[in-house]
Number of protein chains: 4
Amino acid sequence: MTELRVAVLGVGMMGADHVARITERIKGARVSVVNDYFPEKAEQLAATIPGCRVINDPLDAIADPEVDAVILATPGPTHEKQLLACIEHNKPVMCEKPLTTDVATSLEVVKREAESGRKLIQVGFMRRFDDEYEQLKTLIDNGTFGQLLVAHCVHRNPAVPPSFDSAMIVKDSLVHEVDVTRFLFDEEIASVQIITPGANPNAPEGLKDPQIAIFTTSSGRHIDVECFVTTGVAYEVRTEVVGEFGSAFIGLDQGGVVRKQRNPVQSDAGAGSGASGPNGSSDGRKIAGIWGGDITPSFVERFGRAYDTEIQRWVNAVHAGTNVDGPGAWDGYAAAAVCAAGVKSLETGEPQKVEMVDRASLS
Amino acid sequence: MTELRVAVLGVGMMGADHVARITERIKGARVSVVNDYFPEKAEQLAATIPGCRVINDPLDAIADPEVDAVILATPGPTHEKQLLACIEHNKPVMCEKPLTTDVATSLEVVKREAESGRKLIQVGFMRRFDDEYEQLKTLIDNGTFGQLLVAHCVHRNPAVPPSFDSAMIVKDSLVHEVDVTRFLFDEEIASVQIITPGANPNAPEGLKDPQIAIFTTSSGRHIDVECFVTTGVAYEVRTEVVGEFGSAFIGLDQGGVVRKQRNPVQSDAGAGSGASGPNGSSDGRKIAGIWGGDITPSFVERFGRAYDTEIQRWVNAVHAGTNVDGPGAWDGYAAAAVCAAGVKSLETGEPQKVEMVDRASLS
Amino acid sequence: MTELRVAVLGVGMMGADHVARITERIKGARVSVVNDYFPEKAEQLAATIPGCRVINDPLDAIADPEVDAVILATPGPTHEKQLLACIEHNKPVMCEKPLTTDVATSLEVVKREAESGRKLIQVGFMRRFDDEYEQLKTLIDNGTFGQLLVAHCVHRNPAVPPSFDSAMIVKDSLVHEVDVTRFLFDEEIASVQIITPGANPNAPEGLKDPQIAIFTTSSGRHIDVECFVTTGVAYEVRTEVVGEFGSAFIGLDQGGVVRKQRNPVQSDAGAGSGASGPNGSSDGRKIAGIWGGDITPSFVERFGRAYDTEIQRWVNAVHAGTNVDGPGAWDGYAAAAVCAAGVKSLETGEPQKVEMVDRASLS
Amino acid sequence: MTELRVAVLGVGMMGADHVARITERIKGARVSVVNDYFPEKAEQLAATIPGCRVINDPLDAIADPEVDAVILATPGPTHEKQLLACIEHNKPVMCEKPLTTDVATSLEVVKREAESGRKLIQVGFMRRFDDEYEQLKTLIDNGTFGQLLVAHCVHRNPAVPPSFDSAMIVKDSLVHEVDVTRFLFDEEIASVQIITPGANPNAPEGLKDPQIAIFTTSSGRHIDVECFVTTGVAYEVRTEVVGEFGSAFIGLDQGGVVRKQRNPVQSDAGAGSGASGPNGSSDGRKIAGIWGGDITPSFVERFGRAYDTEIQRWVNAVHAGTNVDGPGAWDGYAAAAVCAAGVKSLETGEPQKVEMVDRASLS
């Protein structure tokens, strides 16, 4: 198999991760071009990858005849132009979320891809490739729960960067639950409401956190989401679906179980008499152990493997000529439309109708 | 209903617990007499219980006409004489383990009760009254697992008193697993082996801890037990049974689940800027939460309720005239026989046959 | 201790349960009087309880000089008159929910008790006495989670009687979550919204089920509740609280774990050759086991023990002269006020302010 | 990167799996040669892989200049000759267990590799590459548990082929626990005992199943293993390690949790009246749900990903020139020595010393 020559645009944390992933673990692809707003960053990275060039203009990279496919890990505001260039040059592209930064430009991308007559754009909603989500989707599709009726989601981050604002909770965090909902329920979200209860006293001033989102799907199903990005605890993502015949949880994160001393003494305790050892028998201190384990600190640990699966399946799809194996431009547009309604609701507190064009009109 | 007048003999930790239990929670009984080797201890306690007298000689307490039933929480070496007095005076008795301190005297008690023609003695193996053990027993008796084949037990204490020696691990800790095995498998233990692998460096010098016990039942089933009494962690008791059609665990101790910050800041953090709050966003410290919860520190938390059930059902049985509702003298004798073999094996490391009389010979 | 002479009014399922509970398990109390709308039902029951009379008029039973305390398990519409009689005759009363059937009469009861100058009324919100709720409350009160911010509740029944209507989901099911919220957050609920998403196709026609309730507390905290009473699965009650420093779950219901064959063959399989046994080795059928266990089928299994604790502590409080140890008349009134707002919201779909008098005005 | 040209010898289930794995998922390698005892099987497979040849003599395949590395998935009895050929031709080789079928030939292979002066042989103990085992090993190596003292393992298969005999339980099933023990404790097993309690009535006649193995390590640590290969349930592999400061479980297999109706009605129920729906409200049938989920039916589901990791890391090691990244020939020899002692113990029931040469004598 000839290896797919991939250009990775934007080599910040996410893009650099994709470069490493493709170089080390993805079968059938190699990184042939890297690009970044800071050329020296691209140069440094390229120097470590055999056969990898730097092209400083992202549009040139897209157009390059020795680039077979593109990964966009550039800032959102540049996506529209880059996606349209991919369509123009007929290059399959894996676009990290968001598709674009507003609904109108997202729709424009959807339309231009539709006009091109071929699928070229996949959007990086990686959770669809996570084992637990995949298994849950399979159970749903097999009719295990009958008609889905309700879902409850939890999305918690330990902390966010100082620049993070209330709308970003919708656009950067909640957006994943938007896609998960559309994926699991297999229908559009018709309205969204963002409730901002009393804020976490430890959140940066002015940040409305936690936020509670309520989605209603087009057939009237109810989904609620807790988005809480300053928990100080860990990265926790949980989903429960409830249907006619039963329900299921994912994300309980209780694989291996450790039981340990509350304050383990791990140094050698000297004379070994046991008199002052960790069992506390001599001084009457109360002993109490804990059971449990660590929670994944960030999305890297929680979804690292899902990214591998996502990119491998995308590479396979490009080889197969189908180009997309997962969420496409429409899904990016739908997410943008829901998030736009969400941001509006964040201001008003009221449920907002999601404004979307009729998908049938595009085909 | 006339309340049963109970004499509690021995009011150390366990006996005092029974006094409190009967006084506060047990329906149909009251403590009418207390006794202790230290009379002032008995006096102090009696002063807090309406209508409760002190009788300084345990045999007088047993013989007292205003005592309907007896609880023995006295030291093991006094049990034989006290039990025989109970038989002589026809007083139902709940005897904390051990029945007596050796096999011969235990057998003597069994015989004398048999000769008396009525059941009078119950032995305090409280686990049989624990919800989880009861549910497991029900599943077994309902045929859920078919023929039982194997069981695995874990018995862990955080610490033991300084005087605890290797044989006491057999006689005071393992004895509970002896009774659990006989209860769940509903047959006798035919041989026992105690293995003493490398000891815990934090155990008191000379204490062979942990110990691994292997029981073989009369029909050839295998049970292994880890007894580890200096874990420094908590009180953990677990049992897994394995049968033809499936298996089951109890004691995983994972009821409520807490997720928390590793080092929660619980004081008010001052200016509330969030800049140095527990979410760690400003200084890049790695954040990681833990999930899990506390493990019960001692048998009091783990089996407190089982004691209530045990005593209530015993009181009810005495009212009903059956006197025993749970393990009886034979079970105390069988446990003594198994532990005696265990102590012998502790010395030799070899499996030891359990020497017991034929139960049928007693009836 | 002289036993408290309790009159149990209403001996349907719940009242009869209390009669059995007091007779068999509650220390310090006996049932001296029973009453029911159907006198023969009361007669039958009384015949089985030593020293128990039937009094056919509930108000006579309350007034009877040989009745020390009252349990109301009568239909809600009779509660007001019976509670006022208890106040008049200075009889401590444990009133099964609801306090009364509307807000105005509940308030009247609260006022009359306040005027009497003593606490007499306890309301039967039994969950406060459940071990898991108690432990969660202790964690909260100890500051484990810092300020509570959000809670998520699930309340699922397998089925409801044919007469159950949409408002009863609020008044009979959700009311427990109303009390749990007030208990855990220790503040009033200021507004409530009931959302009725697409109904379960298996629910009786016209029943809006599931329902999603959103409570906002007076300090602005958010609680959401899924009430779903026709799941066909089991009785599931779960609560997750989320605070500044962490979160916790109760009700996961994963104590003992059973692993079993999907279709266990439990009969003797004949020739014992194993060739066609349950291991399926001979015919290539796919084998797959399941792990897990049963979920409690009803509130009887889930909260049976909580009822025991509730009644024992109430009996103890009456003996101690404090009369109430748990939720009182005010809690019954507050629940009525929240449910009234909930029923209004059920019609409009909009959040409704909870109308309550100022508690300080009553003292 | 030039792709490693791998010859896969033996394309039965395991070999064919490796061929698919390398072709579809392993970065940096391709299958250039396949071989099988049944040439047509190799031909069929080769036809589906671009650039893949068949070589009918395994020794020719090993010697082939266009083969860079070898995977042995041939029957055990052929391993010795093939491994020696790999050493002779300086070809890195991943050898599925067993290294060879007896201790003497395993030692011979170890010696010949040592004489060659380079590491060439990796042995396919895939569990070392499983996430849970890796995490457990990391916890151990980080000192979380202090000195390890004891471990408990469970290895259960739903069924075995008709030809499976009692010794194969040791050599084919228990061998994995032998390697896991050596991996986690990082020391040799000094003695092994196989206990054969009463057999599963559903096991094929003559098969001693379950078996209990007891390992003692060279420093005196105790490990017990339940091997039970006819459970009829599923593939369950569990390990608990116990150390000075705590303990940990892996393999509880409780990721996602499903709650469902016992007998879900999944067809459309007709008129939708709900009157006879699955909630059972109309006919009084007892409803009870179950929680839990599926257990992996076979090692394919349980360890599929571990195989991927194993092969990818091996390919990377060959590229890096270190050839081995995981268990090597010595580990294969040690496993053979322990299993040989185990088979002897299976006959005698007594503990057997493991006879091994001094590793230092080889270097």
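Quick notes on this one:
- Both the radius of gyration and Dmax for segment B:294-363 are 17.2, 49 Å, in that order, over alpha-carbon atoms.
- Peptide B:24-35 shows a mean partner chain C-beta count of 3 within 10 Å per residue C-beta.
- Label point distance in nm, B:GLU24-D:ASN56, each placed 7 Å from Cα along Cα→Cβ: 8.6
- With its label point defined 7 Å out from Cα along the Cα-to-Cβ axis, B:GLY51 lies at 1.0, 9.5, 9.5 nm from the matching points of the other copies, in increasing order.
- With 10 Å bins from 0: P(r) over the protein assembly as shown, alpha-carbon pairs, percent: 1, 7, 13, 18, 20, 18, 12, 6, 3, 1, 0
- Solvent-free Debye scattering, log10 I(q)/I(0), computed from the Cα coordinates of segment B:160-248 at q = 0.20, 0.24 Å⁻¹: -0.97, -1.25
- Using R0 = 45 Å, the C-beta based FRET efficiency linking B:ASP141 and A:ASP141 works out to 0.65.
- Here is the size of segment B:82-192 from its Cα atoms: Rg then Dmax, 16.4, 44 Å.
- Alpha-carbon centroids, segment A:321-340 and segment A:119-169: separation in whole Å: 14
- For chain A, the C-alpha radius of gyration divided by 2.2 N^0.38 Å, with N the number of residues, is 1.13.
- In Å, descending, principal axis extents of the Cα set of segment D:64-140: 40, 31, 26
- Separation between Cα centres of segment D:291-306 and segment D:201-225, rounded to whole Å: 23
- Expected 222 nm ellipticity per residue - DSSP helices of 4 or more, -39500 (n - 2.57), all of the protein assembly as shown, to 500: -10000 deg cm²/dmol
- Each of the peptides D:81-87, B:46-52, A:228-234 was scored by the mean count of other Cβ atoms within 10 Å over its residues; in descending order, highest first, they stand as A:228-234, D:81-87, B:46-52.
- P(r) histogram, all alpha-carbon pairs of segment A:28-83 included - 10 Å bins from 0, percent: 24, 57, 19, 0
- Inter-chain neighbour count for D:144-157: the average number of beta-carbon atoms from partner chains within 10 Å of each residue's beta-carbon is 5.
- Placing R0 at 35 angstrom, the Cβ-Cβ distance between B:GLU88 and B:SER361 gives a FRET efficiency of 0.95 after rounding to 0.05.
- Residue pairs exceeding 24 angstrom between C-alpha atoms, taken from A:LYS137/C:LYS137; C:LYS81/C:LYS208; C:LYS91/C:LYS171; D:LYS111/D:LYS353; B:LYS353/D:LYS171: A:LYS137/C:LYS137; C:LYS81/C:LYS208; C:LYS91/C:LYS171; B:LYS353/D:LYS171.
- Counting all C-alpha pairs of segment C:1-66, share separated by more than 14 Å (%): 50
- When each of the peptides B:92-99, C:53-60 is scored by the mean number of other C-beta atoms lying within 10 Å of its residues, the order from highest to lowest reads B:92-99, C:53-60.
- Legend: mean number of C-beta atoms from other chains within 10 angstrom of residue C-beta atoms, peptide A:221-232, equals 6.
- Fewest-first ranking of D:ARG305, C:ARG182, using other Cβ atoms within 10 Å as the exposure measure: D:ARG305, C:ARG182
- Span-rule helices in chain A, defined as complete DSSP H runs reaching 18 Å or more along the axis (Cα) with Kyte mean at least 0.5: A:329-348
- Net lengthening on full extension, C:ASP131/C:GLU187 (0.36 nm per residue, minus Cα-Cα): 18.0 nm
- For D:THR2, label point 7 Å along C-beta direction: distances to other copies, nm: 2.1, 10.2, 10.3
- Note on B:LYS353 and D:ALA63: their simple-model spin labels are 6.4 nm apart, each label 7 Å out from Cα toward Cβ.
- Annotation for C:GLY206, label-to-label distances across the other copies: 5.5, 7.1, 8.2 nm (shortest first, one decimal, point 7 Å from Cα along Cα→Cβ).
- Each residue in B:ILE121, B:ILE250 was given a count of other beta-carbon atoms within 10 angstrom of its own, and listing them fewest first yields B:ILE250, B:ILE121.
- Think of the axis that spins chain B onto A; the B residue whose C-beta lies nearest it, and the distance in whole Å, is B:GLY292, 1.
- Full-stretch length increase - A:SER116, A:GLU205 - with 0.36 nm per residue and alpha-carbon distance subtracted: 27.3 nm
- With the convex hull drawn over the C-alpha atoms of segment D:17-117, the volume per residue is 97 Å³.
No value in this document is a laboratory result; all are computed from the given coordinates. If you're wondering where the values come from, they're calculated on a predicted model, not measured in any experiment. With ideal geometry, Cβ positions are generated from the backbone for all residues, glycine too; neighbour counts draw on all protein chains shown.
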